[in-house]
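Asker: Pasting a structure here, questions to come.
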Amino acid sequence: MRGFFERLQWKMAAWMQGRNGVDGLSNFLMGVGIILLIASVIPGLDLLSWLVLAVLAVALFRSFSKNIAARSKENAAFEQAVQKPKRWIALQRKAWANRKTTRYFKCKGCGTVLSVPRGKGTLRVVCPKCKTETTKKS
């Protein structure tokens, strides 16, 4: 039985050569499809299962597509669109993890998020981007 699965693995790898494979947009579509699938179990949302089928079909189409240039372009546009929310979420997680030791605030000149150690009194902070000086209480 072990030989069967090894041969299957090699055959699948050979079949996937020259295809796009799984990327960020495909992963996102699969996640949305699974969430919608779970939501479609709720009574009254029966038509949602057709949307689930469409979303999962697009994700599979993208994964098995041989037009790698077009899929890469779509994925790059998706990554550009989600870059700002990902950065904001990462900053919120960092601020929550360091909430006892660090205070975060935005620069009034350029909007860059700056950090100062907590409990040091009033500090004069200079923004590294725009060189705006700000006095903040830590």
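Asker: Report the equivalent ellipsoid semi-axes for the stretch 20-138 in whole Å, largest first, defined as the square roots of five times the eigenvalues of the gyration tensor built from alpha carbon atoms.
Answerer: They are 44, 20, 10 Å, listed from largest to smallest.
Asker: Now for a different question. Give the long-range amide H neighbours of THR102: residues separated by 5 or more places, or on another chain, with amide H under 5 Å away, using H modelled in the peptide plane at 1.01 Å from N.
Answerer: The list, which skips near neighbours in sequence, is ARG118.
Asker: To continue, here is another question. Check LEU114: other-chain or 5+ apart residues with amide H under 5 Å from its amide H, H built from backbone geometry?
Answerer: PHE105, LYS106, CYS107
Asker: Of the candidates GLY31, GLY18, GLY119, which one comes out as most mobile in a Gaussian network treatment of the chain with C-alpha springs shorter than 10 Å?
Answerer: The residue with the greatest mean-square fluctuation here is GLY119.
Asker: At a 1.4 Å probe radius, which order do LYS108, LYS94 fall into by accessible area, largest first?
Answerer: Reading off the accessible areas and sorting them downward yields LYS108, LYS94.
Asker: Using the structure shown, list the pairs from LYS100/LYS137; LYS66/LYS86; LYS94/LYS136; LYS86/LYS137; LYS84/LYS131 with a Cα-Cα distance above 26 Å, or answer none. Please report the intermediate quantities before stating the final value.
Answerer: Values: LYS100/LYS137 15 Å; LYS66/LYS86 29 Å; LYS94/LYS136 20 Å; LYS86/LYS137 29 Å; LYS84/LYS131 24 Å.
Pairs exceeding the cut-off: LYS66/LYS86; LYS86/LYS137.
Asker: Say we join alpha carbon atoms closer than 10 Å with springs in a Gaussian network model of the chain; which of ASN20, ASN98, ASN75 then has the biggest fluctuation?
Answerer: ASN98
Asker: Roll a 1.4 Å probe over the protein chains and send me the accessible area per residue for the stretch 3-138 in Å².
Answerer: With the other protein chains kept in place, the stretch 3-138 gives 75 Å² per residue.
Asker: Out of the trypsin sites (Lys or Arg not before Pro) in the stretch 1-73, which ones are loop residues according to DSSP with at most 12 other C-beta atoms within 10 Å?
Answerer: LYS66
Asker: Considering the chain as a Gaussian network with a 10 Å cut-off on Cα pairs, which listed residue, ILE89, ILE34, ILE42, attains the greatest mean-square fluctuation?
Answerer: ILE42
Asker: Let me ask another. Using the Kyte-Doolittle scale, which helices in the chain average at least 1.0 and also have C-alpha atoms spread 20 Å or more along the helix axis, with helices defined as whole DSSP H runs?
Answerer: Values: long enough: 2-16 (21 Å, -0.35); 24-39 (22 Å, 2.12); 48-64 (24 Å, 2.09); 68-97 (40 Å, -0.67).
The answer, listed by residue number, is 24-39, 48-64.
Asker: Right, here's the next one. Which listed residue (SER40, ALA57, SER138) has the Cα farthest towards the positive end of the charge dipole for the chain, taking +1 on Lys and Arg C-beta and -1 on Asp and Glu C-beta about the Cα centre?
Answerer: Positive-end residue among those listed: SER138.
The values are calculated or read from the model by the stated rules, or taken from the named source; none is laboratory data. None of these values were measured; they are calculated from a predicted model. Note that each Cβ is placed from the backbone with ideal geometry, even for glycine, and that neighbours are counted across all protein chains shown. Accessible surface is based on the protein model in full, side chains and every heavy atom, while ligands, DNA and RNA are left aside. Shrake-Rupley method; radii C 1.70, N 1.55, O 1.52, S 1.80 Å.
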